[in-house]
Amino acid sequence: MFRRLITYGEESSYGVPASNPNRLLGWVTGFSGGVELAYETVGVMDGSRKKRTIVYGVDVSPSITFLPTGGQFFKYALGSVTDSGTSPPYTHEITITPSHRLPSTTIVEHRIGEATHGFRYVGCVVESLEASWERDGPLECSVDLASLRVEQVGSLPEPAGEAESPYRAEMATVTINGTQYGYATSGSISITNNHTPLPRGADGFTTGHIANTTDIEATITLHYMDPSLVNLMLNRQRFDVTAKFTRGASDTLEFQLLGCVASVEAPLSAEEEPIQELSLRAENLRIVAVDSTPAY
């Protein structure tokens, strides 16, 4: 039997394995390598009833589910970060890069046991990422990656330190159009980069991925207290939404959804308190993390 561990490292050049991919994403709860053959099955008029399979190459699309313990990995979903501060706490403002090539990572899947080995995923760029939370639960992220290739490795990096505590729902405050709502029961924020794969090389793997226009969506569920949010929809008003997780005075993670429009569903139940669900489309997303890390 094997124990599993996931680490990563930033690549200095796209598709060149990181020299020491030993960073922790947080508390990883699920991983899939997403390795599939790209093939087509055809019928051939050769006198038999058999079909032939043509293999074009291998597609690699890892996916990871994790509980973030810092803001660093969000850099790879949006693409750009500005670090500020000369002493703790440091502020990191993560924004959507105008570049069509996002920063890439090397992901290492450790399989630890009697015959320890691993699989290294090279040239990983974030295709989509969702951050979600529910009442009495942790902040959870799921990320889908587009990778250039995967290879088995025998030498595995030693993880750098231990992951801190994850963010939790009770740490979250939600501000909508300048008003703070203390009764938001759940939420999710997602970004999709809509990558286009480049043609395959002679080894059967794709030669790269180019990011296209970005989609930003979110949903937030709140108790229904007044009609103000419904009126935002009826007035076709644009507004900003902020979800902020506070782990300490100098330890915060803030999602800023800018230029939102909303559809609001406010169903009624004879047995439960009225709730309302905001379905948001945003023009921009900014993530601001404050912590003790000097630079992302």
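Every number here is computed from the coordinates shown, using simple stated rules; none is lab data. Predicted model, so just to flag it, every value in this text is computed and none were measured. Glycine gets a Cβ as well: all are built from the backbone with ideal geometry, and neighbour counts include every protein chain shown.
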Of all residues in the stretch 184-233, which are in a strand (DSSP E or B), hydrophobic (A, V, I, L, M, F, W, C) and more than 23 Å from the chain's Cα centre (by Cα)? 222
Go through the stretch 92-148 and give me each residue that's without any contact (Cβ under 8 Å) to a residue 12 or more places away in the chain and among the hydrophobic types (A, V, I, L, M, F, W, C). 115
Quick check on residue 61: is it surrounded by fewer than 23 Cβ atoms within 10 Å (Cβ to Cβ), farther than 16 Å from residue 189 by Cβ and free of Cβ contacts under 8 Å to residues at least 12 places away in the same chain? no
The stretch 222-243 residues that are within 15 Å of residue 265 (Cβ to Cβ), paired with ones that are small (Gly, Ala, Ser) (beta carbon under 7 Å, 6 or more apart): 222/184; 224/266; 230/266; 232/262; 233/262; 233/263
Would you check which residues across the stretch 201-245 are surrounded by fewer than 17 Cβ atoms within 10 Å (Cβ to Cβ), touching a His at 6+ places or on another chain (Cβ under 8 Å) and not polar (S, T, N, Q) and list them? 210
Residue 164 under 27 Å from residue 294 (Cα atoms), acidic (Asp, Glu) and touching a Gly at 6+ places or on another chain (Cβ under 9 Å): yes
